[in-house]
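Next up is a structure, given as structure tokens.
The values are calculated or read from the model by the stated rules, or taken from the named source; none is laboratory data. As the structure is a computational prediction, the values presented were derived from the model and not from experiment. Don't worry about glycine lacking a Cβ; one is built from the backbone with ideal geometry, like all the others, and counts go over all protein chains shown.
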Amino acid sequence: MTGSHFEGAHPDWTTGARAFVIHVEPKDRSGRALRDAQARLAEAVGLTAAIHLDVVEQQIAPLGRPTPATLLGSGKVEEIAILARELKPDVIIVNAHLSPVQQRNLEKAWHSKVLDRTAVILEIFGERAATREGRLQVELAHLTYQRSRLVRSWTHLERQRGGFGFLGGPGETQIETDRRLIGERITRIKKELETVKRTRGLSRQARRKVPFPVVALVGYTNAGKSTLFNRLTESEVLAEDLLFATLDPTMRGVKLPRGTRIILSDTVGFIADLPTELVAAFRATLEEVLAADVIAHVRDCAHDETVAQKADVLKVLEELGAQPPAIEVLNKIDLLEEGQRDGLLARNGRSSDVIAVSALTGAGMDDLLAAFETAVTRGNITLKLSLPAEDGEALAFAYRHAQVLERRDRAGRIALTLRIHPGDLSRFESRFAANIKLEQGVET
């Protein structure tokens, strides 16, 4: 693989390349920053570290009015150019969305490779996607992004590792060939993803026949969803203090306190300014969220930007057409001061759909499981069923497909009070006919 066309550039990109991170912070008309600039800079540094780059400098660049040619004003561009000549970074990360023209102009001005926020997130996703579906979705997102730009890299065709080669490439002579290859590959990927989508749809239909309600965990990246998932399912899904530790959806069965069985789904973390290419490309994966019976929003309640992060997640869910979260999980209470934690727990006591927990210590897990059960059984039907005591098969069916609220054995018969999903009523009616009696209608 050849290096970048910039003079003095790193000949080949490896772990530990030097990165200069610039967070571009828009201001409103009064000159105030719209978000916590330091928190957003820290997030940008975390994204950069996630692709194994060594951050040698970081700074915030306030932005009053975007400049079409370079995004930043000429004074700030020159200031960074002077600093870049001293630091000689291998790459400059601009934590904003750059147009192709802005990216090219900044690379010329700074004599360095420039990556914007979208490119960094796509590079992370390219390295982390583990399943065939995940890899296809990430590649489609990457190609959609690259198609609008002067393509200097198609290096993932040449490499065995993950990622998509934003950090170098074969050079300008390949542009037309790359564009043709990109177009052909996008067409093939879309066809393959349609097949994956149909397969996933069939899997959902099969689960509906069981049926077990699906509870999907969503939340900002690094909110602790995977740690919570592991705690509730006793699994060993990758859970690290790392942005986008989970990309491919993971599903496990969980039995709730009163006997209800659910499927718990751990999903990709959301992030502020999620690239539109990823929203579209991950729609198949996020269909698990769209099809879920209950959405549980996991929040890092100890994070300085927890309120803004909540808004980011709700915005993405709205863009996907998903239902609003039924349960809000305030995670990481172990990181709060005692007074903060007590206040949070006191407020939690007034709301059954807001649960304060620590996925790390296990605090609040019983309350959370109870909240899941309340949410998934809301709307269920209560009925009475009378069975001969010797009909073990029918009894096993009832226990398998319903929540048994009460059982009484008398005079050679078993009287059961059951709660079932409305979709199962016809199944019980056809199997048990006269032995079934609708008791209370729909639960609320």
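Just give me the residues in segment 91-108 being under 27 Å from G16 (Cβ atoms) and in a helix (DSSP H, G or I), in sequence order.
Listed by number, the residues that qualify are Q103, R104, L106, E107, K108.
Out of the residues in segment 346-372 meeting the condition of being charged (D, E, K, R) and at pLDDT 90 or above, tell me which one is surrounded by the most Cβ atoms within 10 Å (Cβ to Cβ).
D367
Filter segment 194-217 for residues that are among the aliphatic types (A, V, I, L, M) and modelled with pLDDT under 85; which is farthest from R132 (Cα to Cα)?
In this case the residue turns out to be V210.
Out of (1) crowded, with 16+ Cβ neighbours inside 10 Å; (2) over 30 Å from R231 (Cα atoms), what's the single condition that is false for T377?
Tallying (1) crowded, with 16+ Cβ neighbours inside 10 Å; (2) over 30 Å from R231 (Cα atoms), T377 fails exactly one: (2).
Residues checked against (1) at pLDDT 95 or above; (2) in contact with a Phe, Trp or Tyr (Cβ under 9 Å, 6 or more places away or on another chain); (3) within 25 Å of I124 (Cα to Cα):
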residue: E25; (1), (2), (3): no, no, yes
residue: R32; (1), (2), (3): no, no, no
residue: A42; (1), (2), (3): no, no, yes
residue: T48; (1), (2), (3): no, no, yes
residue: A69; (1), (2), (3): yes, no, no
residue: K76; (1), (2), (3): yes, no, no
residue: I93; (1), (2), (3): yes, yes, yes
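Touching an Asp or Glu at 6+ places or on another chain (Cβ under 9 Å), assigned to a helix (DSSP H, G or I) and within 26 Å of I263 (Cα to Cα): does that describe A370?
no
Follow-up question, since we're still on this one. Answer yes or no: is there a residue in segment 2-10 that is modelled with pLDDT of 90 or more and of a type in the set (S, T, N, Q).
Within segment 2-10, not a single residue is modelled with pLDDT of 90 or more and of a type in the set (S, T, N, Q).
Let's see how each residue does on (1) over 19 Å from A119 (Cβ atoms); (2) in a loop (DSSP other than H, G, I, E, B); (3) in contact (Cβ under 8 Å) with a residue 24 or more places away in the chain:
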position	(1), (2), (3)
A39	yes, no, yes
A44	no, no, yes
V55	no, no, yes
Q58	no, no, yes
P62	yes, no, yes
E79	yes, no, no
I82	yes, no, no
E86	yes, no, no
P89	no, yes, yes
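Next question. Going by what's in this entry, would V138 be described as modelled with pLDDT under 90 and in a loop (DSSP other than H, G, I, E, B)?
no
I would also like to ask the following. When segment 324-370 is examined, which residues are found to be farther than 20 Å from N222 by Cα, of a type outside the set (A, V, I, L, M, F, W, C) and touching a strand residue (DSSP E or B) at 6+ places or on another chain (Cβ under 6 Å)?
Those that are farther than 20 Å from N222 by Cα, of a type outside the set (A, V, I, L, M, F, W, C) and touching a strand residue (DSSP E or B) at 6+ places or on another chain (Cβ under 6 Å): N348, D353, D367.
Another one. Looking at S352, is it in contact with a helix residue (DSSP H, G or I) (Cβ under 9 Å, 6 or more places away or on another chain), without any contact (Cβ under 8 Å) to a residue 24 or more places away in the chain and of a type outside the set (D, E)?
So S352 fits the description; yes.
Out of R419, R427, R410, R400, I need the residue that is at pLDDT 85 or above and outside the structural domain of V298 (by TED's automatic domain parsing). Which one?
On inspection, the qualifying residue turns out to be R410.
Within segment 272-318, restricting attention to residues that are outside any helix (DSSP H, G or I) and over 20 Å from G224 (Cβ atoms), which residue is modelled with the lowest pLDDT?
The residue in question is F282.
May I ask you to list the residues in segment 174-191 that are surrounded by fewer than 14 Cβ atoms within 10 Å (Cβ to Cβ) and in contact (Cβ under 8 Å) with a residue 40 or more places away in the chain?
Listed by number, the list holds a single entry, K190.
Continuing with this model, one more query. Residues in segment 330-342: is at least one under 22 Å from F229 (Cβ atoms), of a type in the set (K, R) and either in contact with a Leu (Cβ under 6 Å, 6 or more places away or on another chain) or not in a helix (DSSP H, G or I) (or both)?
yes
Here's a check for you: in segment 102-135, which residue that is surrounded by fewer than 22 Cβ atoms within 10 Å (Cβ to Cβ), among the basic types (K, R) and within 22 Å of the chain's Cα centre (by Cα) is nearest to T67 (Cα to Cα)?
Ranking the qualifying residues of segment 102-135, first place goes to R135.
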